[in-house]
There are 2 protein chains.
Amino acid sequence: MAPAPGGPLARLSLNTATTKAWTLQEALDGAARGGLGAVGLWRDRVQEAGLDKAARLVEASGLRVSSLCRGGFLTAADDAGSAHALADNRAAIVEAATLGTRELVLVVGGLPASSAPGGPALPYPAATPDADPARDVVAARARVADRIADLVPYAAEHDVRLVLEPLHPVFAADRAVISTLGQALDLAAPFPAQTVGVVVDTYHVWWDPDLERQIARAGAEGRIASYQVSDWTLPLAADALLSRGHVGDGHIDFATITRWVAATGYTGDIEVEIFHQGIWDTPGDQTVATLAERYIRHVLPHLG
Amino acid sequence: MAPAPGGPLARLSLNTATTKAWTLQEALDGAARGGLGAVGLWRDRVQEAGLDKAARLVEASGLRVSSLCRGGFLTAADDAGSAHALADNRAAIVEAATLGTRELVLVVGGLPASSAPGGPALPYPAATPDADPARDVVAARARVADRIADLVPYAAEHDVRLVLEPLHPVFAADRAVISTLGQALDLAAPFPAQTVGVVVDTYHVWWDPDLERQIARAGAEGRIASYQVSDWTLPLAADALLSRGHVGDGHIDFATITRWVAATGYTGDIEVEIFHQGIWDTPGDQTVATLAERYIRHVLPHLG
């Protein structure tokens, strides 16, 4: 029998990426069985079910949708790439609204593709060394700002918030040219807080010497759209993307960061999104039980 | 026959870690043969030769010593660990002075060892979750500040500069709790610029959205003690520490960063320190030739 709603896990959210083997229905059932109050949805699970059916399943579950993952990938340097990204993000905005969440997480994309990096040394013309868009992170960031401006009106119409996720700098080249919470807030600054927000994901930001100040700033601006918890474990996995661990298994000080977030007055969900082969190979109910146990041990006592 | 001194490579410095198989004498000979103006020395190569002999070899080579690597590892939470670190850093200060360089690079150390991280989930008491020094990065940084203050008088007596190296945040847990140039400059601020400086190492700082501003600040304060160049390549090596590439093989925009450094008026050496198994397996003279070719192509045109 499921724990009563409003119990200690009422603010805990299961991101469907954490229990990758589960369908949407299985994830909703598993989260409810575990007593969690919410789920974070990846678009692949939603698309498998079909958007309208997914929305009905979510509604029937009684769970909140803490966020939809993900839009983004806005750094294309060519018109076709930009147009494709805008179309995909508009679709994601509609999906978020249909699923009943305001929070659409954006992973903004890394440096655009190039023929140069990756393989053995490939000479390229010294005469134009600064004209290579594949290395120009400053220009890539400027394009992110432009694409956000393009999307804001559509997001506002649908009452959806574009939620900028700073990713750990280990992903700056290939996944996100937003690397710090302060940078995300600077990009959000021209827009209303109800239309552009930020994620505070411990895995990505724990190392930042400016973190306490930027969390306070994000809270004061009303832009904290999601607080996500997973741990930094070493050694890194061969695929750095799959290197996260359960809360408590690594090096992150959840007590301190959680208190900083709570001090802003944040009352939203706390989402757990872990990419990790070993966790994916574990039965979902066991993973949910571990999330709950770690949350109660390391996060809940510091939420105030 | 060696190129004439004062040629195009006069400011290029070979760090001995790049040609790991070479002894000190071999590295000095190889750098001179290649026409380079300087070497950066690791302490292991110096200790193999013996300090006094190393100093004589360096003097006979006619090369400058752009830096000595490295001191640091200052984050121990216990008195014995702190005392050990201070003694080791004082020895490194003497070595730098003896070798004729003012610049002693410090890698400040990561979180102190713990019984908790690393292995499978080990429960620890929820009652004191914020008393675990192995996760308290804020306290670890404060200890770094304290140890720098301890070392400054000794460094000043020996006319050696303690050079703080921000490391890429991928190393924040295990190697350096200084992750940004701005943070390094904040730590240096209480001390004279001739006694505490910073490294600008492209590999570690290229991703930083605040980089242009912090390089300008470092230059204005007179604290740029070393400009180091190597490239960020993907995928990461299994050991992230060995993941660097030759300039031009990866994602870093050397044109832009070099212009930022040059704009400060920096006239010091440009050092190449690459940890990479494939490069270590390459004959040293070939590696030096590659350094020179990449430097001439990607760095030198932007030094102004």
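The values are calculated or read from the model by the stated rules, or taken from the named source; none is laboratory data. Note that this is a predicted model, so its numbers are computed, not measured. Positions of Cβ are backbone-derived with ideal geometry, glycine not excepted, and every protein chain shown enters the neighbour counts.
Within the range A:275-288, the set of residues being more than 12 Å from chain B (Cβ to nearest Cβ) and either touching a Gly at 6+ places or on another chain (Cβ under 8 Å) or of a type in the set (A, V, I, L, M, F, W, C) (or both) comprises A:PHE275, A:HIS276, A:TRP280, A:GLY284, A:ASP285, A:VAL288. Apart from one condition, B:ALA27 fits all of (1) within 24 Å of B:TYR154 (Cα to Cα); (2) assigned to a helix (DSSP H, G or I); (3) among the aliphatic types (A, V, I, L, M); the exception is (1). The set of residues in the range A:152-178 being closer than 27 Å to A:VAL65 by Cβ and not hydrophobic (A, V, I, L, M, F, W, C) consists of A:PRO153, A:TYR154, A:GLU157, A:HIS158, A:ASP159, A:ARG161, A:GLU165, A:PRO166, A:HIS168, A:ARG175.
Does any residue of the range A:203-212 turn out to be outside any helix (DSSP H, G or I), farther than 29 Å from B:PRO112 by Cα and at pLDDT 95 or above? No, the range A:203-212 contains no residue that is outside any helix (DSSP H, G or I), farther than 29 Å from B:PRO112 by Cα and at pLDDT 95 or above. Considered as a group, the residues in the range A:237-274 that are free of Cβ contacts under 8 Å to residues at least 40 places away in the same chain and of a type in the set (A, V, I, L, M) include one that is nearest to the other protein chains (Cβ to nearest Cβ), and that residue is A:ALA238. Scanning the range B:282-303 turns up no residue that is in contact with a helix residue (DSSP H, G or I) (Cβ under 8 Å, 6 or more places away or on another chain) and under 30 Å from A:SER243 (Cα atoms).
In this structure, does A:VAL105 turn out to be assigned to a strand (DSSP E or B), farther than 30 Å from B:HIS251 by Cβ and more than 14 Å from chain B (Cβ to nearest Cβ)?
Numbers: assigned to a strand (DSSP E or B): yes; farther than 30 Å from B:HIS251 by Cβ: no; more than 14 Å from chain B (Cβ to nearest Cβ): yes.
So A:VAL105 fails the test.
Taking the condition of a type in the set (Lys, Arg), surrounded by fewer than 20 Cβ atoms within 10 Å (Cβ to Cβ), more than 21 Å from B:LEU167 (Cβ to Cβ) and within 11 Å of another protein chain (Cβ to nearest Cβ), does A:ARG217 pass? The answer is no for A:ARG217. Can you pull out the residues in the range B:1-58 that are farther than 22 Å from B:ARG102 by Cβ, among the polar types (S, T, N, Q) and either buried (at least 17 other Cβ atoms within 10 Å of the Cβ) or touching a Leu at 6+ places or on another chain (Cβ under 9 Å) (or both)? Within the range B:1-58, B:THR19, B:GLN25 meet the criteria.
Yes/no matrix, rows are residues, columns are (1) modelled with pLDDT under 95; (2) hydroxyl-bearing (Ser, Thr, Tyr); (3) within 19 Å of B:GLU165 (Cα to Cα); (4) within 16 Å of the chain's Cα centre (by Cα):
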{"site": "B:ASP239", "(1), (2), (3), (4)": "yes, no, no, no"}
{"site": "B:GLY248", "(1), (2), (3), (4)": "no, no, no, no"}
{"site": "B:GLY265", "(1), (2), (3), (4)": "no, no, no, no"}
{"site": "B:GLY268", "(1), (2), (3), (4)": "no, no, yes, yes"}
{"site": "B:GLU273", "(1), (2), (3), (4)": "no, no, yes, yes"}
{"site": "B:TRP280", "(1), (2), (3), (4)": "no, no, no, no"}
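Screening A:SER13 against (1) among the small types (Gly, Ala, Ser); (2) more than 25 Å from A:LEU242 (Cβ to Cβ); (3) outside any helix (DSSP H, G or I) leaves a single unmet condition, (2).
Residues A:SER82, A:SER61, A:SER67: which one is of a type in the set (Ser, Thr, Tyr), buried (at least 17 other Cβ atoms within 10 Å of the Cβ) and under 30 Å from A:ARG135 (Cα atoms)? Please lay out each step first, then the result.
Values: A:SER61 fails: under 30 Å from A:ARG135 (Cα atoms); A:SER67 fails: under 30 Å from A:ARG135 (Cα atoms).
Only one candidate passes the filter, namely A:SER82.
All conditions but one from (1) assigned to a helix (DSSP H, G or I); (2) more than 23 Å from B:ALA173 (Cα to Cα); (3) of a type in the set (Gly, Ala, Ser) apply to A:GLY197; the one that does not is (1). The number of residues in the range B:135-157 being more than 14 Å from chain A (Cβ to nearest Cβ) and either among the acidic types (Asp, Glu) or touching a Lys or Arg at 6+ places or on another chain (Cβ under 9 Å) (or both) comes to 6.
Residues checked against (1) at pLDDT 95 or above; (2) of a type in the set (S, T, N, Q):
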residue	(1), (2)
A:ALA4	no, no
A:LEU9	yes, no
A:GLY30	yes, no
A:GLY34	yes, no
A:ALA55	yes, no
A:ALA92	yes, no
A:THR101	yes, yes
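For the range A:174-194, the candidate set comprises residues that are surrounded by fewer than 23 Cβ atoms within 10 Å (Cβ to Cβ) and not in a helix (DSSP H, G or I); within that set, the residue that is farthest from the other protein chains (Cβ to nearest Cβ) is A:GLN194.
Working carefully through the options A:ASP231, A:ASP253, find the one that is in contact with a strand residue (DSSP E or B) (Cβ under 6 Å, 6 or more places away or on another chain) and among the acidic types (Asp, Glu).
Values: A:ASP253 fails: in contact with a strand residue (DSSP E or B) (Cβ under 6 Å, 6 or more places away or on another chain).
Of the residues listed, the single one that is in contact with a strand residue (DSSP E or B) (Cβ under 6 Å, 6 or more places away or on another chain) and among the acidic types (Asp, Glu) is A:ASP231.
Determine whether the range A:108-127 contains at least one residue that is at pLDDT 85 or above, β-branched (Val, Ile, Thr) and farther than 29 Å from B:ARG259 by Cα. Taking every residue of the range A:108-127 in turn, none turns out to be at pLDDT 85 or above, β-branched (Val, Ile, Thr) and farther than 29 Å from B:ARG259 by Cα.
Scan the range A:220-236 for residues that are more than 14 Å from every other protein chain (Cβ to nearest Cβ) and without any contact (Cβ under 8 Å) to a residue 60 or more places away in the chain and report the count.
Kept after step one, since they are more than 14 Å from every other protein chain (Cβ to nearest Cβ), are these residues of the range A:220-236: A:220-228.
Now restrict to residues that are without any contact (Cβ under 8 Å) to a residue 60 or more places away in the chain: A:220-224, A:227.
Qualifying residue count, the range A:220-236: 6.
Each residue in the range B:250-263 was checked for being in a helix (DSSP H, G or I) and touching a Ser or Thr at 6+ places or on another chain (Cβ under 6 Å), and 1 of them qualify. In the range A:195-214, how many residues are more than 12 Å from chain B (Cβ to nearest Cβ), crowded, with 24+ Cβ neighbours inside 10 Å and closer than 20 Å to A:ASP231 by Cα? So the answer is 3.
Restricting attention to the range A:264-287, the residues being part of a loop (DSSP other than H, G, I, E, B) and polar (S, T, N, Q) number 3.
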